[in-house]
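Every number here is computed from the coordinates shown, using simple stated rules; none is lab data. Worth saying up front: this structure is predicted, and the values here are computed from it rather than measured.
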């Protein structure tokens, strides 16, 4: 059984530190030590398979080419999101 212990999104609701306006964080880099069964980890930050990019209301399709899964047999590990800056996050979604 695979579990996800976090929910983090980079689609909307981010406010750069020192600023009062909301912004979409772009060019996020995801990396992991858990490998991949087929598609790269980039799939979780590039909007692949979403019905509406940069939206908390988006739905995700069921196409395997639009998702990342850890390597076979890997049940624990880390995913790191490099936001390329410091932000106060109000909402997050992956």
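In whole Å, what are the extents of the stretch 36-79 along the principal axes defined by its C-alpha atoms, from largest to smallest?
Computed over the Cα atoms, the extents are 32, 20, 14 Å.
Find how much the distance from residue 39 to residue 63 grows on full extension, using 0.36 nm per residue of separation minus their present alpha carbon separation; answer in nm with one decimal.
Working: separation 24, 0.36 × 24 = 8.64 nm, distance 1.12 nm.
Going from the current span to full extension adds 7.5 nm.
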